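The values are calculated or read from the model by the stated rules, or taken from the named source; none is laboratory data. In this text, all values refer to a predicted model and were calculated from it rather than measured experimentally. For neighbour counting, all protein chains shown are included, and Cβ atoms are generated from backbone atoms with ideal geometry for every residue, glycine included.
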Amino acid sequence: MASPSPVYVGAPRRQVLLEGGPKICRETDLWGDQMPLPPLVRELADAKLKAFCAKRVPIHIRDEVRLEVEFRGMGVTLYELRPPWASHALGPEWTKMPIAQFRYNPAFALWTLYCCDRNSRWHEDYEIGPSQELDELIAEVEEDATGIYWG
């Protein structure tokens, strides 16, 4: 009996071979929402993103705006935080707006950059492809030639 032919899924530039024939492949299967980032990858990403946040927002205005990162599964999200403009009506919580998301694929050791739309849905930034260097994707967010991250 012949073995089933391999099935490839994904964008042409990032195809993934699924063993055992036809399967439904969702992004959560590829990025592993249930699995955390490998410890060394997480430490390096945390250090690079915290350095970016510190450089982007000067100390003297951090009471007006902050940048923070949040790790979840195989990804990390960059947020901009602003203080409440009407704390008596909205409470003391800072407003949290998603800026960018970096997703790690451990099978290929690649990071992929995503931008957020007005409905808080994430879309891959096709201006820059996946990269083994997180620094390249951070630089893309900082440069923001298309205006999709900082407006």
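For the stretch 94-143, what are the residues that are among the small types (G, A, S) and over 18 Å from M74 (Cα atoms)?
Answer for the stretch 94-143, where residues must be among the small types (G, A, S) and over 18 Å from M74 (Cα atoms): S120, A139.
Give the stretch 63-87 a look and list any residue that's of a type in the set (S, T, Y) and modelled with pLDDT of 95 or more, or say none.
Residues satisfying the conditions are T77, Y79.
Which condition breaks for W122 when tested against (1) at pLDDT 95 or above; (2) within 18 Å of L67 (Cα to Cα)?
(2)
For the stretch 131-146, state whether one or more residues are polar (S, T, N, Q), surrounded by 11 or more Cβ atoms within 10 Å (Cβ to Cβ) and closer than 19 Å to L37 by Cα.
yes
Can you pull out every residue in the stretch 88-105 that is out of contact with any strand residue (DSSP E or B) (no Cβ under 8 Å at 6 or more places or on another chain) and either at pLDDT 95 or above or among the acidic types (D, E) (or both)?
E93, the sole residue that qualifies.
Take the residues in the stretch 109-130 that are free of Cβ contacts under 8 Å to residues at least 24 places away in the same chain and of a type in the set (G, A, S), then tell me which one is surrounded by the most Cβ atoms within 10 Å (Cβ to Cβ).
Step by step, filter the stretch 109-130, then rank; the result is A109.
In the stretch 47-105, how many are of a type outside the set (S, T, Y) and in contact (Cβ under 8 Å) with a residue 40 or more places away in the chain?
13
Do the conditions hold for E70, that is, is it among the charged types (D, E, K, R) and either exposed (fewer than 10 other Cβ atoms within 10 Å of the Cβ) or closer than 22 Å to P36 by Cβ (or both)?
yes
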